[in-house]
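FYI, it's all coordinate maths here, none of it is from the lab. None of the values given here were measured: they were computed from a predicted structure. FYI the Cβ positions are ideal-geometry reconstructions off the backbone, even for glycines, and counts take in every protein chain you see.
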Amino acid sequence: MTAIALPFAELTPHRVLDLLDLVGLHGDGRLLQLNSYENRVFLVWLEDGSSIVAKFYRPGRWSNAQILEEHAFARELAAAEVPVVAPLTLRADGDGVQLLGDDRTLAVTADERFAVAPNRPGRPIELEDPQALSWIGRFLGRIHQVGSRGRFTHRRRLDIDTLGRAAFDRLVDGDSLTPAEAGPWQAAARTALSLVAERYAEIPDATWLRVHGDCHPGNLLWTDAGPHFVDLDDTGTGLAVQDMWMLLPGDVAGAERCTHHLLEGYEAIRDFDRRELRLVEPLRTLRMIYHSAWIAERWQDPAFPAAFPWYGSAAYWSQQTTQLREQCERMTDDR
C-alpha cells in the first residue's frame, strides 16, 4: 500500500526555526503553534526580543500567484492605513530558499511555502456592543473602498459555483456520505442550491469587488485602537455582504439589530446595495455545503479527525440534511 503524504508532517519546531533562519529571522528557541486548521501558524520569539507570526501554507491549496495576490492586497490595505496585519518583506540569509513577489513576501523551499507577519495581538470582538458593530462597519467600508480600486487576476470568485456547486460535486463524488443518508442530503442540497441561484439572479447587476472573504469573529481582533484583521487567506472576489453575514446571529431580531449597526458604520464610508441583504441566508446555506466538503478534502490530515470526530457519521449527515431543509424553508418564506 502506498503511504499517504501527510501535509506538514516534517514541519517540526526545529524545522520552523531553521526555515526562519534562512530569511534572517533568528528565533530564541521559543515558539507556540496557534489555532489554524488550514495552514500551520506559529508565534515565534526572536533573539532581539520581538515576536513574529509565521504562516506555512497548506500544500496544493493556493498557487504562488494566488498567495502573492493575497499579500499584495494586504499591503495595499496597510498602505491606505486600513488596520490589517500585512506580511513582512523578507531577505534571503541562507541557501535553499527563494523569495517571491515584488515585495519578497513569500518564501519558498523545496517542500514549504511561508510568510511572516508582525505579531499583533488583541482580544475577541464584542458583537453585542452597538458601537463596536458600527466601528466594524466603518472598517469593512474602508476595506471595500480599497478593494473596489482594483481586481484580482488569480484569486477565486466567491459565488454559488465555487462555494456551492463545486463543493456539492466533490461530496457526491467522494466517499464521506453514508449510503442511507446520501439520497436525502443530495435532494435537500439540490433544492437549496436552486433557491440560492434564484436569489443571486435577483441582482444580476450587483457589484463584485475584492473582499476579505472569511470575515468571521475569529479573524477579527480588538484593541483600544479598534479592530484589525489577522488573516486574509480566503480573500477573493465577492459581494460586500460576503464580509458581513458571518457577523450576524441566526435569529431574525438579532440579525436585524446587528445589520442596522454594521450598516450605520459602513454607509458612513461607502454606499451599500441593500438588495444584497437577501443573500444572507443563501450565503449561510452555501457555507454549510462548503464546510462539509472542506472537511472531507482534508480528512487525511490528522488534525481534522481529531477536531471533527463526528464528521461523516450517519447522525452528521442526517443533521446536515435537516439544516439544509430548514434553510430552504427560510429562503422560501422570505420570497
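Quote the FRET efficiency, to the nearest 0.05, computed for Y200 versus A65 with a Förster distance R0 of 35 Å and r equal to the Cβ-Cβ distance. It comes out at approximately 0.80.
Remark: V211, V41 ranked as V41, V211, counting other beta-carbon atoms within 10 Å and listing the fewest first. The length gained on full extension between R270 and R151, counted as 0.36 nm times the residue separation minus their Cα-Cα distance, comes to 41.1 nm.
Using only the Cα atoms of the stretch 14-118, build the gyration tensor, take square roots of its eigenvalues as a ≥ b ≥ c, and label the shape rounded, prolate or oblate: rounded if a/c is under 1.5, else prolate if a/b is larger than b/c, else oblate.
Values: a/c = 1.39, a/b = 1.21, b/c = 1.15.
Since a/c stays below 1.5, the shape of the stretch 14-118 is classed as rounded.
With a cut-off of 20 Å on the backbone N, the residues of the stretch 161-190 near the modelled label site 7 Å out from T322 along Cα-Cβ are 177-190.
The calculated 222 nm mean residue ellipticity attributable to helices in the chain amounts to -13000 deg cm²/dmol, summing -39500 (n - 2.57) over DSSP H runs of n ≥ 4 and dividing by all residues.
Among the trypsin sites (Lys or Arg not before Pro) in the stretch 136-208, those placed in a DSSP loop whose Cβ has at most 16 other Cβ atoms within 10 Å are R149, R151.
Which FRET efficiency value, to the nearest 0.05, is calculated for M288 and D18 with the Förster distance at 56 angstrom and r the Cβ-Cβ distance? Efficiency for this residue pair is about 0.85.
Remark: the Cα gyration tensor places the stretch 283-325 in the oblate category, a/c being 1.5 or greater and a/b not exceeding b/c. Computed from phi, the 3J(HN,Hα) profile of the stretch 83-90 under the Karplus parametrisation 6.51, -1.76, 1.60 (θ = phi - 60°) reads x, 10, 8, 9, x, 7, 6, 10 Hz, with x in place of Gly and Pro.
Shape verdict for the chain, please, from the Cα gyration tensor: rounded (a/c under 1.5), prolate (a/b greater than b/c) or oblate.
On the way: a/c = 1.93, a/b = 1.26, b/c = 1.53.
It is oblate, given that a/c is not under 1.5 and a/b is not larger than b/c.
One chain, two ends: A314 and W45. Fully extended at 0.36 nm per residue, the span grows by 92.4 nm beyond their Cα-Cα distance.
If you filter the stretch 130-206 for GluC sites (Glu not before Pro), then keep DSSP loop positions with at most 15 other Cβ within 10 Å, what is left?
Values: sites: E181, E198, E202; in loops: E202.
Answer in residue order: E202.
Relative to the present Cα-Cα distance, how much length would full extension add between T191 and A307 at 0.36 nm per residue of separation?
Numbers: separation 116, 0.36 × 116 = 41.76 nm, distance 2.96 nm.
Once the chain is fully extended between T191 and A307, it gains 38.8 nm.
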